[in-house]
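Each reported figure results from applying straightforward, stated rules to the coordinates on display, with no laboratory input. Owing to the predicted nature of the structure, the values given are computational and were not obtained by experimental measurement. With ideal geometry, Cβ positions are generated from the backbone for all residues, glycine too; neighbour counts draw on all protein chains shown.
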Amino acid sequence: MLNLKADSQRYTEYKYYVEDLMQSDVVNSMQRFIHHKDITCLEHSIDVSYKSFLVCKRLGLDHKSAARGALLHDLFLYDWHTPKAEISRKGLHGFTHPYTALKNATKHFSLNNLEKDIIVKHMWPLTIKLPKYKESFIVMMVDKYCAISESINFRRKTDIDKFIKAMK
């Protein structure tokens, strides 16, 4: 059963932690790139961010850093579906985009070590090194869940759109 008061409190707290990121042009530019099916990079990142925030909060972990790192985890800013982008990156998207996202995120925002680890390790095992923090592991798992859900239409764009509108 939906607890509207609790949901409202969670939305408010989550928004407080990510509001500065959400107001930035660079984060909003992720809306220009399709990520999975008809889900944009920004929509996917918000979905991963909010779910990671909830799991980490429930477990008594650093839910603020989880929310912020997860929101920036796919800040790679290109259309990964095009062969031209694949050639210019000098490597496969799945292996290289965490490093591109970290480079972009550190260029625009001040990040703590946990947020950096979340961004660069979210594609483990492709990134070889294990996540250093519990929060990084959680974001990595939530990202995989969201990506699979989006790819098989379990998580529809309309669901994500409703969530984003409820956050405003």
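Laid out as a table, the results:
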read-out	value
Gained length - Tyr16 relative to Met141, 0.36 nm times residue gap less alpha-carbon distance	42.6 nm
Segments 98-111, 12-25 sorted - mean Cβ within 10 Å per residue, highest first	98-111, 12-25
Environment charge of Leu75, counting only residues whose C-beta is closer than 10 Å and scoring Lys/Arg +1, Asp/Glu -1	+1
Net length gained if the chain between Asn112 and Ser29 were fully extended (0.36 nm per residue, minus Cα distance)	27.6 nm
